Amino acid sequence: MALIDVAFGHARTVLATLVLILIAGTIAYINIAKEADPDINIPIIYVQIDHDGISPEDAERLLIRPLEQELRGIEGVKEMRAKGYEGGASIFLEFDAGFDVDKAMTDVRDKVDLAKPDLPTETDEPTVHEINLSLFPVIVVTLSGDVPERAMLKAARDLKDSLEGISSVLKVGIAGDREEVVEVLVDPVKVESYALTIDSAIDVVRKSNELV
């Protein structure tokens with residue numbers, strides 16, 4: 001009660017203090033840095049290992065085990081998960097919150113280099129990746145409709161060209177865009193009747209596909 005009595009007794013001072021607090025808060029809100037898409041560090045780094053034709057069982061034995069033996073020694077690793085699949089394997093390393101991403105990437109690359117001699121010679125170069133939300137697409141536009149595929153692709157390409165014209169857009173990609181291929185079936189009997197060869201027919205088709 002004494003505090004309330006003091007506040008009522010100094011009403012002007014209390015009101016002036018509240019006004020100053022509101023003004024300071026407004027100024028801080030206006031000047032503080034704000035981002036619509038902040039760069040968030042996710043404490044996960046993964047190693048990708050590709051080996052053409054390898055089975056999931058062999059991937060676990062020949063790819064995952066040698067790398068796990070080296071990666072276990074990295075400081076700050078909270079959990080390590082691995083998965084072998086047809087054609088390769090992936091190893092996910094979850095670090096403690098607040099980790100130094102640059103140091104962690106360096107440590108993982110160093111350990112991967114130590115494990116390389118134990119991998120099969122046919123294995124592709126292992127790659128180390130950081131999971132960074134800023135590298136993911138911000139906007140995804142889906143086109144659908146009861147129209148031919150060629151018309152849909154033309155609309156998608158036109159939209160891609162329009163979006164690339166925006167200065168703040170870094171990159172635009174199209175998913176599901178297939179390269180058109182024309183299959184030419186050659187009748188050997190007809191080719192021979194025109195006194196041509198298969199090679200000459202292929203040469204004619206190739207030249208007709210060139211831009212002049």
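Could the peptides 96-109, 155-168 be put in order, highest first, of the mean number of other beta-carbon atoms found within 10 Å of their residues?
Averaged packing, sorted descending, gives the order 96-109, 155-168.
Within straight cross-link reach of residue 160, meaning Cα distance under 23 Å, which lysines are found once same-chain residues fewer than 8 apart are removed?
171
Per 0.36 nm of contour for each residue apart, how much would the distance between residue 163 and residue 109 grow if the chain were fully extended, relative to their Cα-Cα spacing?
That works out to 15.8 nm of additional length.
About its Cα centre, how strong a charge dipole does the stretch 41-132 have in debye, to the nearest 20, once Lys and Arg get +1 and Asp and Glu get -1 at the Cβ?
240
Once phi is turned into θ = phi - 60°, what whole-Hz ³J(HN,Hα) does the Karplus curve with 6.51, -1.76 and 1.60 give for every residue of the stretch 57-73, x standing for Gly and Pro?
5, 5, 4, 5, 7, 9, 10, 6, 4, x, 6, 4, 4, 7, 5, 4, x
What lysines could a cross-link reach from residue 78, if we take a straight Cα to Cα line under 25 Å and drop same-chain neighbours fewer than 8 places away?
Candidates past the 8-residue exclusion: 103, 111, 116.
Where a number appears in this text, it was derived from the coordinates with a stated rule and is not lab data. From a predicted model like this one, the values you see are computed outputs, not experimental measurements. All Cβ positions, glycine included, derive from the backbone under ideal geometry; neighbour counts span all protein chains shown.
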